[in-house]
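Read the figures in this text as sums done on the coordinates, not as results from a lab. Predicted model, so just to flag it, every value in this text is computed and none were measured. Neighbour counts run over all protein chains shown; Cβ positions are idealised from the backbone, glycine included.
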Amino acid sequence: MSAQPHRLPSGGRIDRDTVLRLTVDGQELTGHPGDTVASAMLAAGRLDVAPSIYRGRPRGIVAAGVEEPNALLEVLGRCSESMLPATTVSLVDGLAVRTLSGLGRLDPTGDEAVYDKKFAHTDVLVVGAGPAGLAAAWAAARSGARVILLDEQSEPGGSLLSCREETVNGSPALDWVREVVAELESAPEATVLSRTTAFGSYDDNYVVAVQHRTDHLGHPAPEGMSRRRVWHIRAARVVIATGAHERPLVFAGNDRPGVLLASAVRGYLNRYAVAPCSRAVVSTTNDSAYDTVTDLVAAGVEVAAVIDARPTLSPRAAEVAGTGVRVVPGSAVVETTGASRVDGVLVGALDEDGLLGGDVEADVETIACDLLAVSGGWSPVVHLHSQRQGRLRWDEVLAAFVPEGTVRGQRVAGSARGTFDLGGCLEEGTEAGVAAAVAAGFPIEAEAPVGRAATGEYGPVRQLWLVPGRRGEPADWHEHFVDLQRDQTVADVWRATGAGLRGIEHVKRHTSIGTAHDQGRTSAVNAIGVLAAALGGTPGEIGTTSYRAPYTPVSFAALAGRERGDLFDPERTTPIHPWHVAHGARFEIVGQWLRPRYFPRDGEDIDAAVARESRAARRGVAMMDASTLGKIEVCGADAGEFLDRVYTNAHRRLPVGSARYGVMCKPDGMILDDGVNLRLDENRFLLTTTTGGAAGVLDWLEEWLQTEWPELDVYCTSVTEQWTTIAVVGPKSRQVVARVAPDLDVSAEAFPFMTFRETTLASGVPARICRISFSGELAYEINVSGWYGLAVWEQLYAAGADLDITPYGTETMHVLRAEKGYPIVGQDTDGTVTPQDAGMDWVVSKRKDFIGNRSYTRADTARADRRHLIGLLPVDRVTRLPEGTQIIAPDTPVTPERGPVPMLGHVTSSYHSEALGRPFALALVAGGRDRIGETLIAQVGDSPVEVLVAGPVLYDPEGNRRDG
Amino acid sequence: MTTNPLPEHPALLWRNPEPKPSYDAIVVGGGGHGLATAYYLARNHGIGNVAVLEKGWLAGGNMARNTTIIRSNYLWDESAGIYEFALKQWERLPEELDYDFLFSQRGVLNLAHTLQDVREARRRVDANRLNGVDAEWLDAEEVAEVCPIVNISPDVRYPVLGATLQPRAGIAKHDHVAWAFARAADALGVDLIQNCAVTGFVKDGDRVVGVRTTRGTVNAGVVGLAAAGHSGVLAEQAGFRLPVRSQPLQALVSELYEPVHPTVVMSNHVHVYVSQAHKGELVMGAGVDSYNGYGRRGSFHVIERQMAAAIELFPIFARAHVLRTWGGIVDVSPDASPIIGRTPVENLYVNCGWGTGGFKATPSAGWTMAHTMATGEPHPLNAPFSLERFTTGALIDEHGAAAVAH
Amino acid sequence: MLLLDCPWCGPRDETEYHYGGQAHVRYPQVPADLTDQEWAEYLFFRDNPEGPFAERWVHSTGCRRWFNVMRDTTSYRVLAVYRPTDPRPEGSR
């Protein structure tokens, strides 16, 4: 066990009875529950982390919270995680980490942790459990309103966790914190979440937060417990009490390990009982650092001097000076010395303009120390306010950008709005909590707790953006760091302004200041100040860059939540799916559906299987699960009229009991979808749609009905999932259907093509059987309730067993339909194809209007040489053209290097036809119908393939087979 | 481990002049397209008395917000023409502009996850090759050779069936590109005027003769609009309408990581595109938010969905951290193709409607717009992208089959 | 994440809805009477204002009904929600 030489003998919010082991870059350390990796390192006397990213300079821990610019970790383990600030990683036993120079490592090991999300509604959301947030949540919860209080730290308390002498209502502040938390936790409608960072604020008070749930447990999480949880919170009212971050100072060598934020030093002393040094110098521009001074003294650490930039002592400074601490006013630390760590500072006097007066070399005083605590003032954490377009105002007195006005339904309270004293935070928090509850409909009054701190009023701040270097000009100050993580200095800012850049956005992009993991928490306002110094003017005139979510980085996996693997997107299957799986089907994805593509037998490849399936359909009998086709019932007195307007062809006079193929177009005349529609009765139609188009078509119909033609008496209902549809196809299909539907007269005379019949199957299942065909063969579609789908499929399979009834998939379906020239919307069309282009002028009514009709007379749409859907026959009778192959005219030089090769169109579908004994294709070809009989070139890679242009119907063009 | 910072910028980028009372040409919008237009007006047409009027800061709109993908593997001939011309310019611009903007021809993969994706991809590859655009079809194993971190397991919800690869495609550092054009334009005498919003147009009958701005009225021989998402608002000020909608488009970056992703991967099917930029950050985009919006922000569920898709494709990203998200305003036309050419107002030209494709087209948008403004006639490359096509129906519909519209 | 107040179901997250673009663009009574230019206006040209905008939404995962929203396209603030049969509020386009 290594020692903890810097651990104070008492105090701190740590459990000294338990010793935890930690490995940092291979070095074994110890700590206690309550420590962070950073506090444990400091307790061990280790300050240094990996060197800086670009310049390789030594770097150390600077802060104690999320603003840490240097100390980034890769937490090692089964699946490591990089880029975690050491100041935010809770110590657990056996933790092993590696410090990073700002470049993380992505672990290729799969992340098997669970991530989830919770969606919450609340009356009042309070972000931040420091004094203002606790007061707000406490006040609001007393009203009975639903209250959620979030805080990023391991326990509530905020800045009070780092305090020593502060009191609330006369008791130690942390006693009050405990009481308030206890009261909130016992309130039935209040939720307190620690380790939960509100990282994004979106429109209408929608706040997104991430809760860290398991990493700090120190043992494997209970099974199923999510590692991180993303909270989506819709709040009637939001109180933002996110506190403020201290700014460092910009001077030569300000990146040397041992330069820490004054507030961080205070936090290490009081919260973690760690004195990271033995002799400190404090350099400040404001009163807040004096709390650090008194706490250092109380901890027995020598304070060699307080260097205060303000020319005269503030009351607080004078008070501390009165205790015997040396306070040097009107001065600043101008340089640090030391090898890998600060061993001293150089102090110089500043004149009114912030310049080093007199003889710089002679007047500079050297003070030995092993730590420099710095405070350049405070920057309110305005991220959530700004993410909602809340405005900011530069406060010259506070030297801070503070919220200007409020975002609707939100309030900012406490130091997040520039109220830096404890009493003020408690008052503002209480007021904000009361106001939020009242506005959410829960009237309440509450009296603010009374807070007292050693520093009462937050005294004047001296704006000191740039401590002059002892020599040279700002353009030469390459060791005045503005952004430690990005290794950017005053010289870099000067170079940007020298190039002509004037705005902070340009300077940010030129230098990369503020773009690192810390998003400029300690550097952004200093950069603005330095830029103001460079250009003349105030930070307020420069303005800030935009604040963007996330406030602190969030892992991809947390944001993905449960939407991974099988839950990434719903998978839709038909009731017959288990049978398909059991019978070895290979599937294809169509929309969200899984459809059998083919059913290989005994080692068949796809070609062999499709050939066999095709033969069965053309010569015997075959069956297919067509249940994925969209099905929409359209009912009402005006259903026929409505369909007439939507489809290119007429439906109004379709007889009951009959079916009709229909095409619908968008207003621009391009094909949207197609399907066969049934008239169930006078006022009821059943439409079918493509598999992928079903949802869109229903939406489309509803849109027209509701927004254009609300006077029509029409209702649409999706029934896709209610029906199982089985196509029974082939010359022997009549026999099979007759067997399963003995009550039905299946003769061609009694049951003609494009009609349907209602019947009851031999099994007792009610069925609607249609005489429609997507193959040109005699075919039936048997529709039954989805509950019976699998059973009826099995009945058909059994009934056709002696006829070798053959299940087939989408691939064979495609071959069969393509042989007949039937297009597939989305495959043979692409949103630029009209029904006329697709060779379906016959389906376009000339006697009625319909959506899209007007577009056909436009100049481009009326062209005769548009791309037409035609058939292509490879002349060699062997080559199966790859789908997508481009078609060119014969004798076209294929020299793309000399300029585009003119293309006539492309192959949309291509198969080997078992029936034709040759490969064939469908293609969209410019003026294609006028080229029938011509030979063109299909350019397959570098090989030209001669193709004969044919009509699209290549098989049974006379339609002799459809009645069997 | 330490790494190298980005290359240094030139010592001088641009002057910051006051607007003059009159210019031969005014370009409204100081984004990449506006800056390139001004540069080519001066370089190709000898028109140096040009002002670029930018309401905010140069390249502060979509130029600062895009995911920097450069490719030309578009389906239709017209699109392939204009994007491939741009790509050829990209290949020579670092030298021409004497500015290292980190153009990296690392290749772009467009993944196919369904048989329909495969058909569309192969159609595009064949069309690309005949149009002189480099393109290859890769099967899943070949995809993994190009980008080993892509999950090609068949046991995922939408398995990778293959991809198209355009080897010459890649990425560039967006700000540097804009500054390169700005610097070159400035050196040729173009006045780059920032914080100067156009509030109206001065017309003589149907002819534009100047613009009203927040910094006074400025006269102009010709005016070109290059304002992306704000084109519609400007057109309305000029008295005509554009068939564009302004919508939010979000993107994000991760923290910096050691290199794992050697190329650019786009997947239309699961809506994600990602590359790893030079410093090491993953740069990602997703789909456009559905609603009209000028707010430069979108809705968070779009980002979450994008993360889910990213991890499906790249399991190694699970513990990467999102560092920063942002939104731009994209001007989306009905056919997802740009509009570059004349307007109903004489001497007023427009370049808009690029949707999510604007960055990669920066050189050709500037080139053709400059040509159109200088000569009054469209360049052959932008002639098909006229406003008239919406009347004739001769759309260039890159929505459907052109794989990803980014 | 916008919060839209469906006139029939009450306030719901944006993810329950689909967007339908500009409201009050009527399908022409007799399209054949329009010139190509007028037809193109109907097909493709929509207002795209920065500020208040009357637009259509449909509560796709709820009641599936269409309604209109007047929303500021810059602040994203919903200014009014109304049924398709209600008159358009003042000040929108």
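Restricting A:Ala440, A:Ala454, A:Ala448, A:Ala475 to residues that are among the aliphatic types (A, V, I, L, M) and over 43 Å from the mean Cα position of the chain (by Cα) narrows the list to A:Ala454.
Can you tell me which residue among B:Asp331, B:Asp335 is within 12 Å of another protein chain (Cβ to nearest Cβ), of a type outside the set (A, V, I, L, M, F, W, C), buried (at least 24 other Cβ atoms within 10 Å of the Cβ) and touching a Gly at 6+ places or on another chain (Cβ under 6 Å)?
When all the criteria are applied, what remains is B:Asp331.
Pairing each residue of segment C:52-71 that is in contact (Cβ under 8 Å) with a residue 12 or more places away in the chain with any residue that is of a type in the set (Lys, Arg) and crowded, with 22+ Cβ neighbours inside 10 Å, provided the two are 6+ apart or on different chains, yields C-beta distances under 8 Å for C:Pro52/C:Arg71; C:Phe53/C:Arg71; C:Glu55/C:Arg71. Does segment A:158-168 include one or more residues that are in a strand (DSSP E or B), touching a Leu at 6+ places or on another chain (Cβ under 8 Å) and surrounded by 24 or more Cβ atoms within 10 Å (Cβ to Cβ)? There is at least one residue in segment A:158-168 that is in a strand (DSSP E or B), touching a Leu at 6+ places or on another chain (Cβ under 8 Å) and surrounded by 24 or more Cβ atoms within 10 Å (Cβ to Cβ).
Annotation note: of A:Ala491, A:Ala560, A:Ala499, the sole residue that is out of contact with any Lys or Arg (no Cβ under 6 Å at 6 or more places or on another chain), over 28 Å from B:Pro7 (Cα atoms) and not hydroxyl-bearing (Ser, Thr, Tyr) is A:Ala560.
Checked against (1) touching a residue at least 60 places away in the same chain (Cβ under 8 Å); (2) buried (at least 23 other Cβ atoms within 10 Å of the Cβ), A:Ala368 meets all criteria but (2). In summary, strands (runs of 3 or more DSSP E) completely within segment A:195-265 and bearing 3 or more residues that are within 29 Å of A:Lys118 (Cβ to Cβ) occur at A:196-202, A:206-212, A:228-240.
Looking at this structure, is B:Glu18 surrounded by fewer than 17 Cβ atoms within 10 Å (Cβ to Cβ) and more than 10 Å from every other protein chain (Cβ to nearest Cβ)?
yes
Take B:Pro363 and decide whether it is assigned to a loop (DSSP other than H, G, I, E, B), touching a Leu at 6+ places or on another chain (Cβ under 9 Å) and not β-branched (Val, Ile, Thr). It is false that B:Pro363 is assigned to a loop (DSSP other than H, G, I, E, B), touching a Leu at 6+ places or on another chain (Cβ under 9 Å) and not β-branched (Val, Ile, Thr). Can A:Leu42 be described as more than 32 Å from the chain's Cα centre (by Cα) and within 17 Å of A:Ser340 (Cβ to Cβ)? So A:Leu42 passes the test.
Candidates in segment A:592-608 are the residues that are touching a residue at least 24 places away in the same chain (Cβ under 8 Å) and crowded, with 18+ Cβ neighbours inside 10 Å; of these, the one that is farthest from A:Val728 (Cα to Cα) is A:Trp593. When each of A:Glu633, A:Glu682, A:Glu703 is tested for being charged (D, E, K, R) and within 14 Å of chain C (Cβ to nearest Cβ), the lone residue that passes is A:Glu703. Every condition in (1) out of contact with any Ser or Thr (no Cβ under 8 Å at 6 or more places or on another chain); (2) surrounded by fewer than 22 Cβ atoms within 10 Å (Cβ to Cβ); (3) without any contact (Cβ under 8 Å) to a residue 60 or more places away in the chain is met by A:Gln735 except one, and the failing one is (3).
Would you point out the residue of segment C:28-49, among those that are assigned to a loop (DSSP other than H, G, I, E, B), over 15 Å from the mean Cα position of the chain (by Cα) and of a type outside the set (Ser, Thr, Tyr), that is farthest from B:Thr392 (Cα to Cα)? Out of the qualifying residues, it is C:Gln29. Taking each residue of segment A:826-841 that is under 11 Å from A:Arg866 (Cβ atoms) and looking for partners that are among the hydrophobic types (A, V, I, L, M, F, W, C) and assigned to a loop (DSSP other than H, G, I, E, B) with beta-carbon atoms closer than 7 Å, six or more apart or interchain, yields A:Thr832/A:Met670; A:Val833/A:Met670; A:Thr834/A:Met670; A:Gln836/A:Val844.
When A:Val530 is tested against (1) over 39 Å from the mean Cα position of the chain (by Cα); (2) closer than 22 Å to A:Thr285 by Cβ, just one condition goes unmet, and that condition is (1). Restricting attention to segment A:560-578, does a residue exist that is within 10 Å of chain B (Cβ to nearest Cβ), crowded, with 19+ Cβ neighbours inside 10 Å, over 27 Å from A:Gly826 (Cα atoms) and of a type outside the set (D, E, K, R)? Yes - at least one qualifying residue is present in segment A:560-578. Selection over segment B:212-259 of residues that are in a strand (DSSP E or B), among the polar types (S, T, N, Q) and within 18 Å of the chain's Cα centre (by Cα) gives a count of 3. A:Leu484 falls short on exactly one of the conditions (1) under 30 Å from A:Thr312 (Cα atoms); (2) crowded, with 24+ Cβ neighbours inside 10 Å, and that condition is (1).
In segment B:319-336, the condition of being at negative phi and free of Cβ contacts under 8 Å to residues at least 40 places away in the same chain is met by at least one residue. Whether a residue is more than 8 Å from every other protein chain (Cβ to nearest Cβ) and either outside any strand (DSSP E or B) or over 25 Å from A:His121 (Cβ atoms) (or both) was assessed, and C:Val25 passes this test.
Residues in segment A:4-40 that are of a type in the set (A, V, I, L, M, F, W, C) and under 20 Å from A:Arg98 (Cα atoms): A:Leu20, A:Leu22, A:Val24, A:Leu29, A:Val37, A:Ala38, A:Ala40.
Being among the hydroxyl-bearing types (Ser, Thr, Tyr) and buried (at least 24 other Cβ atoms within 10 Å of the Cβ) is a property that A:Ser154 lacks. Of all residues in segment B:230-265, those satisfying the criterion of being surrounded by fewer than 22 Cβ atoms within 10 Å (Cβ to Cβ) and at the interface with another protein chain (Cβ under 8 Å from one of its Cβ atoms) are B:Val233, B:Glu236, B:Arg241, B:Glu258, B:Val260. Scanning segment A:486-539 for residues that are more than 25 Å from B:Met63 (Cβ to Cβ), touching a residue at least 60 places away in the same chain (Cβ under 8 Å) and within 13 Å of another protein chain (Cβ to nearest Cβ) turns up A:Asp487, A:Asp518, A:Arg521. Is it the case that segment C:1-22 has a residue that's away from chain A (no Cβ under 13 Å), farther than 30 Å from A:Thr861 by Cβ and assigned to a strand (DSSP E or B)? Scanning segment C:1-22 turns up at least one residue that is away from chain A (no Cβ under 13 Å), farther than 30 Å from A:Thr861 by Cβ and assigned to a strand (DSSP E or B). Given the criteria surrounded by 22 or more Cβ atoms within 10 Å (Cβ to Cβ) and either out of contact with any Phe, Trp or Tyr (no Cβ under 9 Å at 6 or more places or on another chain) or farther than 26 Å from B:Pro248 by Cβ (or both), does B:Trp354 qualify? Against the criterion (surrounded by 22 or more Cβ atoms within 10 Å (Cβ to Cβ) and either out of contact with any Phe, Trp or Tyr (no Cβ under 9 Å at 6 or more places or on another chain) or farther than 26 Å from B:Pro248 by Cβ (or both)), B:Trp354 qualifies.
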